[in-house]
Each structure stands twice: as structure tokens, then as C-alpha cells.
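In what follows, a single structure is set out as C-alpha cells and then discussed.
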Amino acid sequence: MSFEVKGWCPGAHRPMMSGDGYVVRVRPRLGRLTARQAMGLCAAALRHGAGLIDVTNRANIQIRGVAEGAWPALMRDLGALDLLDEDADTETRRNIMVTPDWALGDDTHRLATELLARLAELPPLPPKMGFAIDAGAGPVLGEISADFRIERGTGGGLILRADGRELGMPLAPGAEIDALIGLAAWFVASRGVEAGRMARHDAPLPGWAQGTERPANPGTPLHVGPHALGAAHGLAFGQIRATDLANTLHDSNAVALRVTPWRMLILEGGEPGPRDGLIWTQDSPLMRTDACPGAPFCPQASVETRALAARLAPVAKGRLHVSGCAKGCARKTAAETVVIGNAGRFDIAFTARAGDTPALRGLTLTQILDHFGAA
């Protein structure tokens with residue numbers, strides 16, 4: 001199984017060509033869009049794209065199906081909504097994940113706002129590197145990709161933890177972002193760029209950054225249903241029609257939209273209840289199913305994925321991951337059941353990631369459905 005590993009992440013300034021046109025990725029600041037911004041984004045997706053909006057596992061939003069000739073007009077609309085960075089380099093640096101239920105003035109809000117203001121102080125980092133500001137009562141972003149993590153420690157204060165290390169260094173109040181920028185500078189100075197990611201960089205941490213404290217116990221996971229901020233809804237495969245999202249924002253009276261890395265949206269101020277195009281039951285099989293766009297939308301995929309995933313979800317055991325190729329973009333961690341496209345056929349792996357050695361190889365679509373009893 002072969003696939004092409006990209007050395008960069010798409011953005012608005014540097015979109016990625018897919019099978020249905022450009023994929024234009026927008027990074028909401030602090031993972032939040034005002035109702036005006038969200039409605040404007042829906043209008044832009046309908047005007048310039050295929051009318052589909054993706055929510056990624058890094059809490060970004062993607063507009064799909066943008067023709068090359070439509071991209072300049074889309075960029076003007078995004079700029080008018082204050083959803084663009086000044087240039088591609090700034091956009092790449094602003095790869096910041098936050099605890100989705102932050103409140104104005106709390107540690108997550110305070111630190112993320114300071115980091116945004118100090119992006120220019122960061123050294124040049126590999127484009128896929130990112131930051132997690134996970135400063136609630138307990139970390140909730142532990143399974144989300146990030147290289148530098150500020151999170152709650154077992155002592156109740158904040159710690160800075162390099163990804164891949166079990167322990168973090170306690171942080172002095174007011175000096176948290178200084179330490180984070182310092183650790184990023186050490187990563188570059190110690191030739192971490194050659195490794196590409198912090199977890200792959202095996203150089204010993206500098207003395208001042210040695211970890212001595214474990215992260216606190218994980219915080220409460222987000223669930224579909226009523227939420228302290230309004231209402232939390234799931235998205236099948238992280239995708240929604242722009243018309244459904246616009247109608248939801250209008251009908252629910254939401255004042256803002258919080259984007260999460262778990263393919264869920266929080267309607268800030270929104271009235272709880274079921275909405276078209278969104279999942280309102282936590283036990284829906286689609287809430288434990290991951291599937292990439294697949295063929296023909298992704299040039300690296302050799303099979304269709306999402307219609308198959310919808311058929312397998314009710315009968316597959318545990319977490320289901322259907323991937324168009326061995327790259328496994330929809331889910332980086334292991335799932336109980338993994339179906340991988342391979343040269344137009346399917347492989348199956350169990351308790352594995354998409355790139356792991358499969359248990360069964362070369363099955364046809366009919367054989368896959370028969371295997372799971374979903375025919």
C-alpha cells in the first residue's frame with residue numbers, strides 16, 4: 001500500500017487540490033466563529049464551492065469543491081469576515097488548538113490570546129507542528145495531535161509538556177508563553193526540524209524544561225446533547241451541508257459556533273434539540289465511525305468510503321475507521337475495526353491504525369459486506 005505524505009497542511013492562502021476542486025481550510029481563532037462569521041462562511045461555501053463544509057480533527061473548517069477561478073472571490077469573502085491571516089506564513093504558525101469550552105478570561109482564553117499576539121516570536125517550525133492550550137480543570141486534548149502542550153498538572157497548576165514525553169515542567173503564572181516560545185526555539189536549535197515533529201525528536205530536553213509533573217486526570221469528554229454553552233451536535237464524518245448549518249444557526253438562535261476536534265459543534269447560546277444534518281444522539285453508530293472523503297474526492301484513495309462506512313457502522317464492533325488508503329487521515333490513533341482501500345479492493349485490520357499490517361487483504365465490496373453481515 002502506497003500513499004503520498006504531504007509536507008504541509010492546506011490553508012486558505014495555500015489551498016489543496018482534491019478530486020472535487022480546491023479544499024480551502026479556515027482556522028477559526030480560539031475555535032470560535034460568531035454567528036455572522038458562520039453564516040457568512042455558509043454563504044461563501046454555497047457561492048464559491050460545492051456547498052459542503054468539513055470540520056477537521058484539528059478543529060478547523062474546510063470549504064470543499066472550490067474551482068480555481070472561484071478561489072480569489074472566496075478569499076475576498078473570507079477577508080471581509082475577518083477569517084484570514086495576513087499571509088500564508090502567519091496562517092501556518094497559527095496552528096493552535098484550544099479547549100473548546102473556554103470562558104472569557106480563563107487560563108485557556110488568556111494563554112491562547114497571548115500566543116496569538118506573539119506568533120512572530122516563534123522560530124520557523126515545520127508546517128505540521130502545532131500547539132495545544134488545554135488549560136481547563138483536566139486535559140481533554142490528549143489524543144489530538146500537538147507538539148507543545150500547556151495543560152493542567154496533577155498539582156493543580158499549569159505545565160508545559162513536549163509531545164511524546166510523559167512529564168511536563170511546572171509553569172510560573174504569567175511566564176507560560178515565554179516558556180513555550182523558549183521550548184520551540186530549543187526544538188529548532190537542537191535540529192528538531194530534521195525529525196519534523198516533537199514526538200519523533202529524541203534529543204534530551206534542556207535542563208530548564210525537564211518534566212517533573214504528570215498531566216492531571218483527563219477532563220470530562222464532550223457529548224452530544226445540551227451543553228453549558230448551549231447545545232453540542234455531532235457531524236457524520238465531520239461534514240455538513242452549508243444550507244443545513246445556516247438553517248441550524250438561524251433556527252436555534254445561536255450567537256456563535258464553537259468548533260471541536262471531535263467532529264462536533266457547540267452552538268453557543270443555541271436552543272437544544274435535533275437539527276437537520278446534525279447528530280443529536282450520543283449512541284448513534286456514526287458517532288463512533290471515522291471515514292475520509294475517499295474516492296473520487298481524494299486522489300490518493302482507490303475506493304469510496306463514506307457510503308460503505310454508513311452501512312458498516314451499525315454492525316461493526318467498537319470504533320470503526322474506513323480509510324481510502326493507508327495514510328489514515330480521518331483517524332491517526334487505533335480503532336477496533338479498520339477497513340482500508342488498497343488498489344480498488346479492501347483490507348481489514350483489527351485494533352490497529354490504517355497503516356498497520358492488515359489481517360485480511362484484497363476483499364471486494366461484496367466480500368466486505370458479507371464479512372460484517374451488512375449485505
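Exposure here means at most 11 other Cβ atoms within 10 Å; with GluC sites (Glu not before Pro) in a DSSP loop as sites, the longest stretch of the chain lacking them is 167-375. Averaged per residue, the chain has 42 square angstrom of accessible surface, using a 1.4 angstrom probe with ligands and nucleic acids left out. Couplings 3J(HN,Hα) of region 57-69, computed from phi: 7, 10, 6, 9, 10, 10, 9, 9, x, 8, 5, 4, x Hz, in residue order, whole Hz [Karplus 6.51 cos²θ - 1.76 cosθ + 1.60, θ = phi - 60°; x for Gly and Pro]. With contributions of -39500 (n - 2.57) from each DSSP H run of at least four residues, the per-residue ellipticity at 222 nm computed over the chain stands at -6500 deg cm²/dmol. Find me the longest stretch of the chain that has none of the exposed trypsin sites (Lys or Arg not before Pro), where exposed means in a DSSP loop (not H, G, I, E or B) with at most 11 other Cβ atoms within 10 Å. Value returned for the longest uninterrupted segment is 1-190. Taking every alpha-carbon pair under 8 Å whose residues sit at least 6 apart, the chain reaches a relative contact order of 14 percent.
Charge dipole of the chain (Cα centre as origin; +1 on each Lys and Arg Cβ, -1 on each Asp and Glu Cβ, all else neutral): 620 debye, rounded to the nearest 20. Accessible surface of region 282-360, 1.4 Å probe: 56 percent of it comes from carbon and sulfur atoms. Once you reduce region 266-312 and region 33-95 to the center of their Cα atoms, the two points are 20 Å from each other. With the convex hull drawn over the C-alpha atoms of region 140-186, the volume per residue is 79 Å³. Size descriptors for the chain: radius of gyration and Dmax over Cα atoms are 20.6, 60 Å.
Quantify, in whole percent, the carbon and sulfur part of the accessible surface of region 93-156 (1.4 Å probe; protein heavy atoms only).
Carbon with sulfur: 57 percent of the solvent-accessible area.
The values are calculated or read from the model by the stated rules, or taken from the named source; none is laboratory data. Note that this is a predicted model, so its numbers are computed, not measured. Please note: Cβ atoms are built from the backbone with ideal geometry, for glycine as well, and neighbour counts cover all protein chains shown. Note: areas computed on protein heavy atoms with side chains; ligands, DNA, RNA excluded. Shrake-Rupley method; radii C 1.70, N 1.55, O 1.52, S 1.80 Å.
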